[in-house]
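K.L.:
What follows is a single structure, and I will ask about it in a moment.
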Amino acid sequence: MKKSTLFSGLGVGALGFGALYVATRPKPAPLPTVPSVDLARYAGKWYEIAAFPQRFEKGCHCTTAQYTLKEGYVEVRNSCRKNGPNGPLKETVGKAFPVEGSHNAKLKVQFFWPFKGDYWILSLAPDYSHVLVGAPDRQYLWILARTRHLDQTAYDQLVQDAQGLGFDTRKLRKADQRCPDR
């Protein structure tokens, strides 16, 4: 009986410590976005140039995102070649919903109901040729471009922008875009 009381007490103590840690840990600074995004111009195909590694992109090559305007949302069609540039095509389709009051700079993306993730446009070229996208918790970051490759100057500027916003850019991994056209 004494052991079960001890373990119960330790369990409650651990839960209390965990709750205290979550409540008191430092919160990231607010994350600014671009002032506004014209979703009609943003629509189309984007190539992943670099990103923070994510479980759902493991083994992906030649990752792209195709954005299509629909009534009330943006269809998001992510695709990649699994296990190499000539591997099988993997596609995932979701929906992105503009966050009210953000002028389309913040979107909530949903691939699996009811879960939605943050997709914030942090830097966008005036000609919509490349973009920096992240999440306010700084756990997601993507550099996307309209072409398979982004010139080094533009890439370096986007990395510098991300660093200035508090992202750990040491986690960025360049994407393999050497797939044959199909």
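K.L.:
Quick one: dipole size for region 25-180, taken about the Cα centre, charges +1 on Lys/Arg Cβ and -1 on Asp/Glu Cβ, in debye to the nearest 20. Present the calculation step by step, with values, prior to reporting the outcome.
P.N.:
On the way: 23 positive and 15 negative charges, 122 e Å.
It comes to approximately 580 debye.
K.L.:
Still on this structure, please answer the following. Hand me the chymotrypsin sites (Phe, Trp or Tyr not before Pro) from region 25-86 located in a DSSP loop with no more than 16 other Cβ atoms within 10 Å, in residue order please. Walk me through the numbers on the way to the answer.
P.N.:
On the way: sites: Y42, W46, Y47, F56, Y67, Y73; in loops: none.
Taking region 25-86 and a limit of 16 other Cβ atoms within 10 Å, no loop chymotrypsin sites (Phe, Trp or Tyr not before Pro) are found.
K.L.:
How about region 57-151: which GluC sites (Glu not before Pro) there are in a DSSP loop, with at most 11 other Cβ atoms within 10 Å of their Cβ? Intermediate results must be reported in sequence, preceding the final value.
P.N.:
Working: sites: E57, E71, E75, E91, E100; in loops: E71, E100.
Those satisfying the criteria are E71, E100.
K.L.:
At a temperature of 4 °C and a viscosity of 1.567 mPa s, determine how fast region 133-182 diffuses translationally according to Stokes-Einstein, using the Kirkwood radius over alpha-carbon pairs as Rh; express D in µm²/s, rounded to the nearest whole number.
P.N.:
107
K.L.:
What does the charge count near Y128 come to, summing +1 for each Lys or Arg and -1 for each Asp or Glu among other residues with Cβ under 15 Å from its Cβ?
P.N.:
Details: positive: R41, K45, R146; negative: D38, D127.
Net charge in that neighbourhood comes out at +1.
K.L.:
Got the relative contact order for region 39-174 handy, in percent, Cα pairs under 8 Å and 6 or more residues apart? Walk me through the numbers before you get to the answer.
P.N.:
Numbers: 260 pairs, mean separation 31.3, N = 136.
This gives 23 percent for region 39-174.
K.L.:
If you don't mind, another one. So how many Lys-Lys pairs in region 33-128 land under 23 Å Cα to Cα, not counting same-chain pairs under 8 apart?
P.N.:
27
K.L.:
When every alpha-carbon pair in region 39-174 is counted, what percent end up more than 24 Å apart?
P.N.:
Numbers: 2361 of 9180 pairs.
Percent of Cα pairs beyond 24 Å in region 39-174: 26.
K.L.:
Of L165, A135, A96, whose Cα points farthest to the positive end of the dipole of region 94-172 (charges on the beta-carbon: +1 Lys, Arg; -1 Asp, Glu; origin at the Cα centre)?
P.N.:
Of the options given, the answer is A96.
K.L.:
What are the trypsin sites (Lys or Arg not before Pro) within region 49-145 that DSSP puts in a loop, where the Cβ has at most 14 other Cβ atoms within 10 Å? Don't skip to the answer; put the middle values down first.
P.N.:
Details: sites: R55, K58, K70, R77, R81, K82, K90, K95, K106, K108, K116, R138; in loops: K58, R138.
Sparse-neighbourhood loop trypsin sites (Lys or Arg not before Pro): K58.
Throughout, read-outs are computed from the coordinates displayed, never taken from laboratory work. This is a predicted model, so every value here is computed, not measured. Here Cβ is always computed from backbone atoms with ideal geometry, including for glycine, and neighbour counts include all displayed protein chains.
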